[in-house]
Amino acid sequence: MTAIEIVHLKPKPGAKARLLEIRPQLLAEYRVRYPDVKALLTEAEDGTLFDIWTWEAKALADEALADTSYFPAFQEWETLVDLISVTWTETIEPTGSIGA
């Protein structure tokens, strides 16, 4: 089953443009070590962001977070946001696709 990480965060004042600017680099850095990882960044009506990541297993995400030195863009990203919450879910449908 696929592990889904839902990260709810609030950009620090004036940081949203920089977050979007470094986003492609952040994803590229993760995909070097975790080629199957996928991510989708969404914005709620209140201006907070939901960063939704899909991993083959939660253990891979835990491994990535244990040593962020491989991900300099993530290290910068962390300085630009305030974390609200992190929620983990797993797919329970065989297809795991939206709208199937």
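Can you pull out every residue in region 25-54 that is touching a helix residue (DSSP H, G or I) at 6+ places or on another chain (Cβ under 9 Å) and surrounded by fewer than 14 Cβ atoms within 10 Å (Cβ to Cβ)?
Across region 25-54, the qualifying residues are Ala28, Val32, Arg33, Asp36, Glu43, Gly47.
Looking at (1) of a type in the set (A, V, I, L, M, F, W, C); (2) in contact with a strand residue (DSSP E or B) (Cβ under 7 Å, 6 or more places away or on another chain); (3) in contact (Cβ under 8 Å) with a residue 60 or more places away in the chain, which one does Ile92 not meet, given that it meets all the others?
All conditions pass for Ile92, except number (2).
Name the one entry in Ala66, Ala61, Ala57 that is surrounded by 15 or more Cβ atoms within 10 Å (Cβ to Cβ), without any contact (Cβ under 8 Å) to a residue 60 or more places away in the chain and among the aliphatic types (A, V, I, L, M).
Sole residue among the options that is surrounded by 15 or more Cβ atoms within 10 Å (Cβ to Cβ), without any contact (Cβ under 8 Å) to a residue 60 or more places away in the chain and among the aliphatic types (A, V, I, L, M): Ala61.
Given the condition under 17 Å from Met1 (Cβ atoms), surrounded by 10 or more Cβ atoms within 10 Å (Cβ to Cβ) and in contact with a strand residue (DSSP E or B) (Cβ under 8 Å, 6 or more places away or on another chain), answer yes or no: does some residue in region 72-88 qualify?
Yes - at least one qualifying residue is present in region 72-88.
Scan (1) closer than 14 Å to Pro11 by Cα; (2) of a type in the set (Gly, Ala, Ser); (3) more than 14 Å from the chain's Cα centre (by Cα) for the single condition Ala66 breaks and write down its number.
The one condition Ala66 does not meet is (1).
Any read-out appearing in this document is the output of simple, stated calculations on the displayed coordinates, not a laboratory observation. Note that the structure is a prediction, hence the values are computed from the model and not measured. Don't worry about glycine lacking a Cβ; one is built from the backbone with ideal geometry, like all the others, and counts go over all protein chains shown.
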